[in-house]
Amino acid sequence: MIDQKDIDILNQLIENSRTSTTQLSKSIDISNVATQQRIDKLEKAGIIKSYTAQLDYVLLGYKTTAYIGIFLEKAKNYKTVIKKLSKVPQITESHFTTGNYSIFAKIIAKDNIDLMNILSEKIQSIDGIARTETFISLHNGIQKNMKL
């Protein structure tokens, strides 16, 4: 069980994962040791999975974000296909979904030509994938973690 102080810690870490234990302690009015114990408990419980940097891929030369709907030949191919998709570095997220697609994935590419190569050489060649549909993002209007 987590309480309000744990939620306050999580919300501050969502805002900035580099917030120091001292800063967290001051803001929620408990000791550094107690704050660290709470963080350790949240990590051990799997609530905090990792601490990562959020990158601006456009500034790094990756100007195309796309989403692909993947149709599987058979639903039982999911585990095999997802294992192979996880090896494609440009796929940053995937979901097993209901509706038209078996898998919905997010791809970061340098440009449309790079995207075409990723699709044809790395994704559509995977055994078990019947076909794909691609949606190119024109603008990311919202990108955030949900606060608790």
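Residues being more than 17 Å from Leu138 (Cβ to Cβ) and buried (at least 21 other Cβ atoms within 10 Å of the Cβ): count how many of those fall in the stretch 108-125.
Going through the stretch 108-125 one residue at a time, the tally reaches 2.
Six or more apart or on different chains, Cβ atoms under 9 Å: show the pairs whose first residue is in the stretch 118-142 and touching a residue at least 12 places away in the same chain (Cβ under 8 Å) and outside the structural domain of Leu72 (by TED's automatic domain parsing) and whose second is acidic (Asp, Glu) and surrounded by 14 or more Cβ atoms within 10 Å (Cβ to Cβ).
none
How about the stretch 67-100: which of its residues are within 15 Å of Ile129 (Cα to Cα), of a type in the set (D, E, K, R) and in contact (Cβ under 8 Å) with a residue 12 or more places away in the chain?
Those that are within 15 Å of Ile129 (Cα to Cα), of a type in the set (D, E, K, R) and in contact (Cβ under 8 Å) with a residue 12 or more places away in the chain: Glu73, Lys74, Lys84.
Within the stretch 89-148, work out how many residues are modelled with pLDDT under 95 and either of a type in the set (D, E, K, R) or part of a strand (DSSP E or B) (or both).
Of the residues in that region, 2 qualify.
Among the candidates Val88, Val81, single out the residue that is out of contact with any helix residue (DSSP H, G or I) (no Cβ under 7 Å at 6 or more places or on another chain), among the aliphatic types (A, V, I, L, M) and on the phi < 0 side of the Ramachandran plot. If you could, list the steps in order and put the result at the bottom.
Details: Val88 fails: out of contact with any helix residue (DSSP H, G or I) (no Cβ under 7 Å at 6 or more places or on another chain).
Residue meeting the stated conditions: Val81.
What are the pairs, 6+ residues apart or on separate chains, where a residue within the stretch 24-45 that is assigned by TED's automatic domain parsing to the domain that holds Leu13 has its Cβ under 8 Å from a residue that is part of a loop (DSSP other than H, G, I, E, B) and exposed (fewer than 13 other Cβ atoms within 10 Å of the Cβ)?
Close Cβ pairs (under 8 Å, with a partner that is part of a loop (DSSP other than H, G, I, E, B) and exposed (fewer than 13 other Cβ atoms within 10 Å of the Cβ)) amount to Ser25/Ser31.
Quick check on Ala105: is it touching a residue at least 40 places away in the same chain (Cβ under 8 Å), surrounded by 15 or more Cβ atoms within 10 Å (Cβ to Cβ) and under 15 Å from Leu119 (Cβ atoms)?
Working: touching a residue at least 40 places away in the same chain (Cβ under 8 Å): no; surrounded by 15 or more Cβ atoms within 10 Å (Cβ to Cβ): yes; under 15 Å from Leu119 (Cβ atoms): yes.
No, not satisfied.
Tally time: how many residues in the stretch 1-23 are among the hydrophobic types (A, V, I, L, M, F, W, C) and exposed (fewer than 13 other Cβ atoms within 10 Å of the Cβ)?
At the first step, the residues of the stretch 1-23 found to be among the hydrophobic types (A, V, I, L, M, F, W, C) are 1-2, 7, 9-10, 13-14.
Filter once more, keeping what is exposed (fewer than 13 other Cβ atoms within 10 Å of the Cβ): 1.
Qualifying residue count for the region: 1.
Could you check, for the stretch 24-43, whether at least one of its residues is surrounded by 13 or more Cβ atoms within 10 Å (Cβ to Cβ) and among the acidic types (Asp, Glu)?
Taking every residue of the stretch 24-43 in turn, at least one turns out to be surrounded by 13 or more Cβ atoms within 10 Å (Cβ to Cβ) and among the acidic types (Asp, Glu).
Here's the yes/no breakdown for (1) small (Gly, Ala, Ser); (2) buried (at least 17 other Cβ atoms within 10 Å of the Cβ); (3) at pLDDT 95 or above:
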residue: Ala53; (1), (2), (3): yes, no, no
residue: Asp56; (1), (2), (3): no, no, no
residue: Leu59; (1), (2), (3): no, no, yes
residue: Tyr62; (1), (2), (3): no, yes, yes
residue: Ala66; (1), (2), (3): yes, yes, yes
residue: Phe71; (1), (2), (3): no, no, yes
residue: Lys76; (1), (2), (3): no, no, no
residue: Val81; (1), (2), (3): no, yes, yes
residue: Lys87; (1), (2), (3): no, no, yes
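Which residues, taken from the stretch 59-98, are among the aliphatic types (A, V, I, L, M) and under 17 Å from the mean Cα position of the chain (by Cα)?
Let us first name the residues in the stretch 59-98 that are among the aliphatic types (A, V, I, L, M), namely 59-60, 66, 68, 70, 72, 75, 81-82, 85, 88, 91.
Those that are among the aliphatic types (A, V, I, L, M) and under 17 Å from the mean Cα position of the chain (by Cα): Ala66, Ile68, Ile82, Leu85, Val88, Ile91.
The values are calculated or read from the model by the stated rules, or taken from the named source; none is laboratory data. Just so it is clear, the model here is predicted, and its values are computed rather than measured. Counting neighbours? That spans all protein chains shown, and the Cβs are built from the backbone with ideal geometry, glycine included.
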